[in-house]
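What follows draws every value from the coordinates through simple rules; no lab data is involved. Note that this is a predicted model, so its numbers are computed, not measured. Glycine gets a Cβ as well: all are built from the backbone with ideal geometry, and neighbour counts include every protein chain shown.
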Ligand code: CMX
């Protein structure tokens, strides 16, 4: 079906004059200035990227195509019998900015189903890796191993592609890759942790539902998966994973190279891996307390001990957000509804109470509030997914939706290769007037 592709074509062509006019007529208009602190400090807050897929307000949190998380969860077509929207419909929405009809959703779901078969060599390659390889390394390797499937790469090599059409094979590559991710991720899980007992795909199911099925986890894990993938999809373009994907793609490397690189960035403990770190950290208290929920005083002591040993409190703080992450809140609401009495949820709830005042008292973190990672592992644990090394793979599958959407639009609008400028320490000292 061409419904999504035709709509996307219309949207991209309609948008191009806006981007072209801004560059041609207003290219010298200043929107920011850069300080020495920002240059040394990881380019924090410098406005130098553009995306229309999502926007992160420091106080309100993320909006996808203008909608808040509660609005997205409410407005998008839901899977019959479930509480959560179709991931397929959400992807349509990310790409076009329009709420899809049920018919649109079904057509995208059909596209994904047609493209879901994973080449055998991917599984062979994964099986050849040592079993103690980190699942994120396995995922990244699986994705890059499929680079030979890239339609963009082939068409570019053949010299057939006009710049205005770059987005088209990028779209095809994205759909081909996204369709396969539930299969690859669940294979890694079952191969690594369930003695290679692989569950075949069920062609009747939607993308999120089929993932839950292939993981071997019963309902309502299908809804947990859909929610998880939607919440983790995009967080504008400056975070490490999205930025890495965009940067690699800006060299016209194809989707397989770009998304594999995106996965590698997400695998760091300050970024996606934090959700695994949260679980590991909570488990430590859990074991110390023999499974009992600690008192508020005990929990405070544990938080201070972690800080005093020079470690960060995983799941708290954010480079942009200055308020509780709405992705945290959405998952908290899910927990309050489905697992209010779960002991780990009680831990997380207690942390929500004790950590922010401590981080404020310590006075270092600019944002003392919890981020998405503080809550997500608890839900996975509750539904039986206890191999927390795997959690960041779930994040990556979700994040691939947003990063693919961004890369398709980058190509559609003809954004150039990215190349910020460096300076030397001498130059900064000169600018500061101390040299
Ligand atoms: N615990 C302890 N210290 C923290 C902290 C936390 N949760 N968050 C920030 N700080 C410290 C920083 O380490 C930094 O200390 P130094 O001055 O000694 O280097 C200081 O506070 C200032 O940092 P910041 O400007 O508030 O935060 P950054 O923008 O540099 O970093 C982040 C943001 C997320 C990396 C940081 O808050 C952190 O390490 N949090 C814990 C890890 C985590 O949860 N990451 C996941 C984020 C969401 C995601 O991407 O998945």
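Using alpha carbon centroids, what distance separates the stretch 243-301 and the stretch 67-127, in Å?
For the stretch 243-301 versus the stretch 67-127, the Cα centre distance is 24 Å.
For the modelled label position 7 Å from the Cα of residue 50 along Cα-to-Cβ, which residues of the stretch 167-182 have backbone nitrogen atoms closer than 17 Å?
Counting backbone N atoms under 17 Å from the label point, the list is 167.
With an 8 Å Cα cut-off and a minimum separation of 6 or more residues, compute the relative contact order for the stretch 274-382 in percent.
Computed over the stretch 274-382, the figure is 43 percent.
Report the Rg/Rh value for the stretch 274-382, based on alpha-carbon coordinates and the Kirkwood definition of Rh.
Across the stretch 274-382, the Cα-based Rg/Rh ratio is 0.93.
Mind telling me which of 178, 129, 22 comes out most flexible in a GNM of the chain, alpha-carbon contacts under 10 Å?
Maximum among the listed residues: 22.
In nm², what is the average projected area of the convex hull enclosing the Cα atoms of the stretch 21-87?
The directionally averaged projection comes out at 7.3 nm².
Using a 10 Å cut-off around each Cβ, can you sort 325, 305, 410 from fewest to most neighbouring Cβ atoms? Numbers along the way, then the final one.
Details: 325 27, 305 10, 410 23.
In order of increasing Cβ crowding within 10 Å: 305, 410, 325.
What is the gain in length, in nm to one decimal, between residue 195 and residue 120 on full extension, counting 0.36 nm per residue of separation less the C-alpha to C-alpha distance?
Additional length available on full extension: 25.1 nm.
Would you mind pulling out the separation of the Cα centroids of the stretch 364-390 and the stretch 150-168, in Å?
One Cα centre to the other: 40 Å.
Quick one: order 413, 175, 401 by neighbouring beta-carbon count within 10 Å, fewest to most.
Going from least to most buried by this count: 413, 175, 401.
In Å, the Kirkwood hydrodynamic radius of the chain over pairs of distinct alpha carbons?
It is 22.8 Å.
Quick one: if you stick a label point 7 Å off each Cα along the C-beta vector at residue 98 and residue 34, how many nm between them?
For the pair residue 98/residue 34, the computed spacing is 3.9 nm.
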